[in-house]
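This report concerns only the one structure given below.
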Amino acid sequence: MSDVRPVPHPTRRLPFGLAVLVLLGGLSTLASGELLTRFTVDGERLRTERALAELAQAGLGPSATLAPAPRPQEVLDALQAVQSFRALSSSEAAALALAGEKIGLEAGGDVAFAARVDELRDQASEWEALLEGARSRLGEVEGALKVLACADWSGALSSRDPLEVDEEHLYPLYELRTKLCGLAAAEALAGRRDEAWRLGLLVTELTRRQRDAGLLAISVRQAATDLCARTLPCLLATVGPPPRELSEALAPALAELAQPLDVGAALRWDLTCALSAFRAWEERGDTIFVYPPPARHKLPFLQRIEFSQVRTHFVELNGQLLRTLRLPTREALARLAELRAQPERLAEMPPRMLIDPVSNLLREGLETRARIQLFRVALALCGSDSTCGYGAALPVELPDPLLGDPTSPYGAPVRWARETPRSGTLWCVGLDGRDEQGQGDDVGLKLNLNRQ
């Protein structure tokens with residue numbers, strides 16, 4: 001039997017030269033990845049800086065001066081009091097919603113809330129008791145609300161590196177305004193005209209005095225303005241016009257709410273905050289301040305590349321929107337629709353994140369301001385006491401001049417059709433530009449002084 005010895009496998013050991021080549025290849029790959037990263041990131045940074053320079057040249061650049069001025073401590077304390085206010089029970093809220101519904105306001109809420117509102121329809125004694133409880137509970141923050149109704153208010157900057165704005169007060173204060181509108185409705189149903197209008201004035205002033213910057217803030221302000229635009233005509237129909245002193249106090253607030261919101265300034269402020277957050281991510285990796293946050297990749301350089309692309313796209317999209325907002329509203333809405341139809345460049349920063357809120361603010365803002373304008377005309381027609389300002393009958397034609405030039409935000413005159421000596425309809429054409437006699441796309445307001 002022969003002596004057989006194992007022969008070493010030739011691939012068990014990597015030759016030194018080949019190992020060196022593999023190592024050099026790996027280092028070369030890493031180096032090329034780093035070079036690619038630097039090349040891409042630097043290129044995106046140049047694009048971003050160029051876009052920002054063009055915006056600055058057009059007077060549309062980001063600016064920290066757009067932030068609201070610091071508020072007195074009294075105002076900040078009032079905001080804190082409102083935020084920490086113990087919310088009404090769901091039953092009390094339902095009672096206020098039912099009061100609003102009884103004078104023509106829509107009762108919102110989920111299915112369970114709507115069911116609770118329905119339960120109260122045939123329970124008059126429980127409904128009255130709940131209303132009384134709501135009056136008492138809302139009285140707990142009456143002092144804070146009066147402070148906010150007499151001074152401009154907004155949240156405070158909680159940090160400057162990166163810029164961080166405290167907006168926690170926005171939704172609680174909006175919710176309080178909806179409850180105050182319900183309480184105004186309850187007072188109107190009880191025939192307490194002066195108290196109903198005092199609450200209506202309070203809600204209007206709270207809305208007028210909000211000076212928060214940013215798209216979220218002016219979206220809340222827009223919603224609150226719409227709340228006023230729908231509540232005040234219902235009070236007018238239920239208890240008649242406010243007494244003279246309240247009418248005079250209401251006039252400047254309504255005149256301001258009839259003006260368009262500065263969506264461009266809000267967008268520029270949001271861009272200022274976003275750039276501050278982007279810098280924090282780039283310098284420290286603080287993704288908590290960036291929304292949406294950059295995707296997490298196994299290879300860090302891919303995350304750096306994607307982040308730089310997201311930042312560039314965000315700035316360029318803001319530039320397109322800011323230039324669009326300089327157009328007349330109808331043209332701006334058409335241009336926004338075109339931008340919305342474009343394919344998304346990056347799934348992490350879809351155009352709809354900014355385009356949809358801006359479009360909604362423009363479109364809904366027109367209708368809300370038109371409703372405010374119609375209500376101002378209605379007040380002028382009714383006069384400032386419990387009887388019609390024109391004697392026993394409303395005028396057949398709108399007096400000229402009435403409120404200077406009663407032109408709606410849609411650019412067409414306010415129309416008026418008297419139906420009886422004490423009732424009629426005010427309307428204006430809607431976004432489609434067609435006069436449909438108060439129907440279809442038109443915005444209308446029924447005026448009826450034949451109250452029980």
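The values are calculated or read from the model by the stated rules, or taken from the named source; none is laboratory data. Here the structure is a predicted model, which means the values were calculated and not measured. For neighbour counting, all protein chains shown are included, and Cβ atoms are generated from backbone atoms with ideal geometry for every residue, glycine included. Remember, those area values only see protein heavy atoms, side chains included, never the ligands or the DNA or RNA. Shrake-Rupley method; radii C 1.70, N 1.55, O 1.52, S 1.80 Å.
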Karplus-derived 3J(HN,Hα), 6.51/-1.76/1.60, for each residue of region 68-73, Hz, glycine and proline x: x, 5, x, 9, x, 4
FRET efficiency for THR407 and ALA156, using Cβ-Cβ distance with R0 set to 51 Å, rounded to 0.05: 0.85
Accessible-area composition of region 93-220, carbon plus sulfur, in percent [1.4 Å probe]: 50
Options TRP281, LEU271, SER247, ranked by Cα towards positive dipole end of region 244-285, top entry (Cβ charges): TRP281
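Expressed in nm to one decimal, what extension gain is obtained for the pair PHE113 and ALA334 from 0.36 nm per residue of sequence separation less their Cα-Cα distance? Can you show the working numbers first?
Values: separation 221, 0.36 × 221 = 79.56 nm, distance 3.81 nm.
That works out to 75.7 nm of additional length.
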Charge dipole (debye, nearest 20) of region 143-235; +1 at Cβ of Lys and Arg, -1 at Cβ of Asp and Glu: 440
Region 185-193 - phi-based ³J(HN,Hα) in whole Hz, Karplus 6.51/-1.76/1.60, Gly and Pro as x: 5, 4, 5, 5, 5, 7, x, 8, 4
Dipole magnitude of region 49-205, debye to nearest 20 (Cβ charges: Lys/Arg +1, Asp/Glu -1, about Cα centre): 300
Separation between Cα centres of region 69-107 and region 411-448, rounded to whole Å: 32
Average accessible area per residue (Å²) across region 47-129 - probe 1.4 Å, nucleic acids and ligands excluded: 57
Contour excess over end-to-end distance, with Cα ends at ASP166 and GLN259 and 0.36 nm allotted per residue: 30.9 nm
Amide hydrogen neighbours beyond the local backbone of GLU164, cut-off 5 Å, H modeled: SER158, SER159
Integer Hz, Karplus 6.51/-1.76/1.60 couplings in order for region 318-331, x for Gly and Pro: 4, x, 4, 5, 5, 5, 5, 5, 7, 7, x, 4, 4, 5
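Label region 206-256 by shape, choosing from rounded, prolate and oblate, from the square roots a ≥ b ≥ c of the eigenvalues of the Cα gyration tensor; if a/c is under 1.5 it is rounded, and otherwise prolate applies when a/b is larger than b/c, oblate when it is not.
Working: a/c = 4.26, a/b = 1.84, b/c = 2.32.
Cα axes put region 206-256 in the oblate bin.
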Long-range HN-HN contacts of GLY61 with modeled amide H, under 5 Å: ALA56
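Could you give the accessible area per residue of region 143-274, probe 1.4 Å, as a whole number in Å²? It would help to have the intermediate numbers written out before the result.
Working: 4560 Å² over 132 residues.
Here the residues of region 143-274 average 35 Å² of exposed surface.
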Label-point gap, in nm, between LEU327 and GLU106 - each point 7 angstrom along Cα→Cβ: 2.9
In nm, spacing of pseudo-spin labels at GLU245 and LEU431 (7 Å Cα→C-beta vector): 4.3
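Given the Cα-Cα distance of SER84 and ALA129 and 0.36 nm per residue of separation, how much length would full extension add, in nm?
13.7 nm
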